[in-house]
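Accompanying notes for the structure given below.
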Amino acid sequence: MSAGDHGDPAADRLAGRPDGGGAAGDGDGRGLEFDNRPIAALDEDAIADVARRAASDGITAFAVTGVFAALDGEMERRAGTIIAEHCPGARVSLSHEIGRVGLLERENATALNATLADLAETVVGGFQRAVAGLGVDAPLYLSQNDGTLMAADQALAYPVRTIASGPTNSMRGAALLSGLADALVVDIGGTTADVGLLIAGYPREAATTVELGGVRTNFRMPDVLSIGLGGGSRVADDGARIGPDSVGGDLQRQARVFGGETLTMTDIAVAAGLLQLGDATKVAELPAALVEAALDRARAMLDDALDRVRPSSRALPVVLVGGGAVLAARPLAAAASLHRPEHAAVANAVGAALAEVGGECERVFSLEQIDREAARAEAEREAVARAVAAGADAGDVRIADVEELPLTYMPGNATRFRVKAIGRPRA
Amino acid sequence: MREITAADIDDICLGAAVLGTGGGGDPYIGGLITRAALRDHGPVRLLSLSEVADDAQIVTVGDMGAPTVGFEKLKAENQPVDAVLALQKHLGRKVDAVMPFEAGGSNSVMPIYIAAKLGLPVVDGDGMGRAFPEMQMLTFSVYGVRACPMALADEHGNTVILEVADDKRAEFIGRGVTIRMGARASIAGYAMDGATARRVSVPATMSLAQEIGAAIRTARHAGVDPVDALIEMLAGTHYQHGRRLFTGKIADVARETRGGYAVGRVRIDPLTGDAPALEITFQNENLVARQGERLRAIVPDLICILDAELATPITTERLRYGQRVTVLGISAPPIMRSDAALQAFGPAAFGLDDAFVALEALT
């Protein structure tokens, strides 16, 4: 287990940061074995000591990471309680609330969460004042990376859980607007097209590590492929090349239809009659072959991205959302059908408004000791209990996702189950 | 004699992942702690097999257990060293050098860590020349060196010495101990002298891993095809034949777990045209590649699935529909292709019906 911020070089190297960098902690390798046996009893005095030293140094943000805590968070919770007792005002991030199996990545994600504590107070406090200022008297929730909700006070404790909620909300919104629960979603904005996969109404999550600024993390993120195709993407080589550079937010000055010098995908869309925006006469002289070539190129880019994201060679419905959805003007190879729902430009807000409450369970079972179905049922029960504890309506909770990952090079058929349960918030 | 410094570790890890042929575990964490050890203790000497004294006491080192557990339960600082010291005490003789038992995957870098901690040289060679799933699948075993006495260490300073005559039995009992140790133990065994090591080891695999990593890295920077660069580099080594077996996209992955092994099949379709798909069968590592009825490569030759653009190796656990890949076949050196070697880790040892045919003899 490691806790606190004492610049211990041993822990620094564990973080695998590109150039060392500041925080990390006092590591003593506490936690659990893969089969839930404790590696060693929690050294409560040592943790109290770290907390007291931190308090006297004016440090109040803590990251607690225990070995295999993703399987059982009890030891981390106990450490968090001890820290809170000995360091007044401590804000404690527990790794099992943030990341998954993979100590180093989970520890990095937890440390990142701890460093965001101040920012979270500013931002969430701002939301709360804004809502109160509007005279709205209702509980405040923030949407999470995985498409579920958390209460504002939880967001204060776990800010990293919100940082990738944007694409997730768009995909959830696409599900509602199109009425499709299983589909590929393309969200085309000004700079990029984000392509993701909806399974049972939720985005598929990234299976492995996610690098943030060169640091490996493993918190729950939607598995989204971003390509450089958006309304502001520059068009070059007579339409044969699009992006990856974009005029971004400066579209209204730089694009041709707004009197600028740069040929963008927005200009192509206007020239092709797909979109009415700005001054169409400014692009009337564009050669038809260039416009066709650019739309063909956009299709090729989308085809490639969709094929990388889909889970098998089977064609799936494709839902187009976002302000740049008109750029997908051609039939797409991966699409069993193409859907452009009404209000697609605000799919993101729609997604945030319909978010539900979730719970997750991750456990390793020895399939020599327990039947596979029984193991799965036990993991499902625990996930449901956690969803209900988080505020889901017990009558509405359902299993959204089950993952089964065998531990290789091990006899005994040890298998890791990861189950997610989701339900409407309790009224 | 050469030296290994912290700056060499990234290349060695990348090369070791290629030699892992789809298995062997990710050397990322091992690379991190090894780099730190080299920074703290200075460079480690890398001795070629010809430089090792005839009577030098060598022990070979690595990990046993589930790589997934290794991602969660990091080693204690002294754990790998404890195994070596326990074996040294049991042998009653000072250890002069350490050697990896496996060149592929996560076992490749830990010997460098141990060498840095103990101020010992590393011998440039190993007992697999790639990654294999079991301990008796070592050239050491094939050519008469016994696994035991073997020391296993956990992260609490507990050590166990095994004295088991048969290597396959030692693997079986050792794995049982490993589970009680939390599914990830550091081990030291296959004690031998320098003259024996010259006879039974796959030579120069540490420097090979480094050259493979460097070739890929340099090609990426220069903007040339890293697989071409790799094939050209291999031609000058004892892993002489590198063959681009196929480039395409993954169309189907089927896998199941059987007795601790990820067993399965992956089908790779061509990106364009109607060439028959390439099918690879794996058991943790890639075992055989076929195109229709045509055999393209078979164990112990190496079958490496690489990202088509960057040549980053993809482990069998991470294969997924839609990935663009290049499949590279690499010929194993002669010491891995003898009749005795093929009996231990050729096609039959994995339950395959095909006879071994050398990569370079297949068309």
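The values are calculated or read from the model by the stated rules, or taken from the named source; none is laboratory data. For clarity, every value in this text was computed on a predicted model and none was experimentally measured. FYI the Cβ positions are ideal-geometry reconstructions off the backbone, even for glycines, and counts take in every protein chain you see.
One residue stands out in segment A:36-55 among those that are touching a Phe, Trp or Tyr at 6+ places or on another chain (Cβ under 9 Å) and in a loop (DSSP other than H, G, I, E, B): the one that is surrounded by the fewest Cβ atoms within 10 Å (Cβ to Cβ), namely A:Asn36.
Filter segment B:174-203 for residues that are of a type in the set (A, V, I, L, M), in a helix (DSSP H, G or I) and touching a strand residue (DSSP E or B) at 6+ places or on another chain (Cβ under 6 Å) and give the result. Matches in segment B:174-203: B:Val177, B:Ala197.
Summed over segment A:375-416, the residues that are within 30 Å of B:Glu256 (Cβ to Cβ), assigned to a strand (DSSP E or B) and modelled with pLDDT of 85 or more give a count of 2. Across segment B:311-345, the qualifying residues are those that are within 14 Å of chain A (Cβ to nearest Cβ) and among the aliphatic types (A, V, I, L, M), and the one among them that is farthest from B:Met128 (Cα to Cα) is B:Val325.
Pairs linking a residue in segment A:129-149 that is modelled with pLDDT under 90 to a residue that is assigned to a loop (DSSP other than H, G, I, E, B) and β-branched (Val, Ile, Thr), with Cβ atoms under 9 Å and 6 or more positions apart or on different chains, are A:Asn145/A:Ile163. Answer yes or no as to whether A:Ala289 is surrounded by fewer than 16 Cβ atoms within 10 Å (Cβ to Cβ) and modelled with pLDDT of 95 or more. Judged against the criteria, A:Ala289 is a match. Selection over segment B:35-85 of residues that are closer than 24 Å to A:Val101 by Cβ and of a type in the set (A, V, I, L, M) gives a count of 6. Taking segment B:1-115 and the strands (runs of 3 or more DSSP E) fully enclosed by it, the elements with 3 or more residues that are within 14 Å of another protein chain (Cβ to nearest Cβ) are at B:57-65. Residues in segment A:204-243 that are closer than 25 Å to A:Ala69 by Cβ and part of a strand (DSSP E or B): A:Glu205, A:Val210, A:Glu211, A:Leu212, A:Val215, A:Arg216, A:Thr217, A:Pro222. Each residue in segment B:263-309 was checked for being more than 14 Å from every other protein chain (Cβ to nearest Cβ) and either part of a loop (DSSP other than H, G, I, E, B) or aliphatic (A, V, I, L, M) (or both), and 21 pass. Comparison of A:Asp187, A:Asp238 shows that the only residue that is in contact (Cβ under 8 Å) with a residue 40 or more places away in the chain, more than 30 Å from A:Asn145 (Cα to Cα) and away from chain B (no Cβ under 14 Å) is A:Asp238. Taking each residue of segment B:81-96 that is closer than 20 Å to B:Ala53 by Cα and looking for partners that are surrounded by fewer than 21 Cβ atoms within 10 Å (Cβ to Cβ) and not hydrophobic (A, V, I, L, M, F, W, C) with beta-carbon atoms closer than 6 Å, six or more apart or interchain, yields B:Arg93/B:Gln57; B:Val95/B:Gln57; B:Val95/B:Gln88; B:Asp96/B:Gln57.
Annotation: of all residues in segment A:296-349 being in contact (Cβ under 8 Å) with a residue 40 or more places away in the chain, of a type in the set (Lys, Arg) and assigned to a helix (DSSP H, G or I), the one that is farthest from A:Gln276 (Cα to Cα) is A:Arg308.
Based on this model, can you work out whether A:Asp307 counts as closer than 19 Å to A:Ser233 by Cβ, of a type outside the set (S, T, N, Q), within 25 Å of the chain's Cα centre (by Cα) and surrounded by fewer than 22 Cβ atoms within 10 Å (Cβ to Cβ)? In short, no. Residues that are in contact (Cβ under 8 Å) with a residue 60 or more places away in the chain, buried (at least 22 other Cβ atoms within 10 Å of the Cβ) and on the phi > 0 side of the Ramachandran plot are absent from segment B:156-178 altogether.
Of the residues screened, B:Met206 is one that is at pLDDT 95 or above, farther than 30 Å from B:Gly292 by Cα and either among the basic types (Lys, Arg) or part of a helix (DSSP H, G or I) (or both). The helices (runs of 4 or more DSSP H) located wholly in segment A:56-165 that include 1 or more residues which are surrounded by 24 or more Cβ atoms within 10 Å (Cβ to Cβ) and within 14 Å of chain B (Cβ to nearest Cβ) occupy A:74-86, A:103-115. Looking across segment A:191-203, just one residue is of a type outside the set (Ser, Thr, Tyr), crowded, with 16+ Cβ neighbours inside 10 Å and in a loop (DSSP other than H, G, I, E, B), and that is A:Gly201. From the list A:Ala355, A:Ala390, the lone residue that is more than 14 Å from chain B (Cβ to nearest Cβ), surrounded by 15 or more Cβ atoms within 10 Å (Cβ to Cβ), within 30 Å of A:Leu306 (Cβ to Cβ) and among the hydrophobic types (A, V, I, L, M, F, W, C) is A:Ala355. When B:Gln210 is tested against (1) in contact (Cβ under 8 Å) with a residue 60 or more places away in the chain; (2) touching a strand residue (DSSP E or B) at 6+ places or on another chain (Cβ under 6 Å), just one condition goes unmet, and that condition is (2).
The set of residues in segment B:148-168 being away from every other protein chain (no Cβ under 14 Å) and either in a helix (DSSP H, G or I) or modelled with pLDDT under 95 (or both) consists of B:Ala165, B:Asp166, B:Asp167. Tell me whether segment A:170-178 contains one or more residues that are outside any helix (DSSP H, G or I) and in contact (Cβ under 8 Å) with a residue 40 or more places away in the chain. No: segment A:170-178 contains no residue that is outside any helix (DSSP H, G or I) and in contact (Cβ under 8 Å) with a residue 40 or more places away in the chain.
Of the numbered criteria (1) more than 30 Å from B:Glu155 (Cα to Cα); (2) surrounded by 17 or more Cβ atoms within 10 Å (Cβ to Cβ); (3) modelled with pLDDT of 95 or more, the one B:Thr218 fails is (2). Restricting attention to segment B:237-262, the residues that are within 12 Å of another protein chain (Cβ to nearest Cβ) and either under 25 Å from A:Pro311 (Cα atoms) or modelled with pLDDT of 90 or more (or both) add up to 12. Does B:Pro313 satisfy being surrounded by 15 or more Cβ atoms within 10 Å (Cβ to Cβ) and closer than 30 Å to A:Ala300 by Cβ? Taking the combined requirement at face value, the residue satisfies it.
Filtered by the rule that a residue be of a type outside the set (A, V, I, L, M), over 25 Å from the mean Cα position of the chain (by Cα) and farther than 16 Å from A:Asp35 by Cα, segment A:372-400 gives A:Glu373, A:Gly395. Among the charged types (D, E, K, R) and surrounded by fewer than 19 Cβ atoms within 10 Å (Cβ to Cβ): is that true of A:Asp245 in this structure? In short, yes. Checked against (1) closer than 30 Å to A:Val319 by Cβ; (2) within 14 Å of chain B (Cβ to nearest Cβ); (3) not charged (D, E, K, R), A:Ser366 passes all but condition (1).
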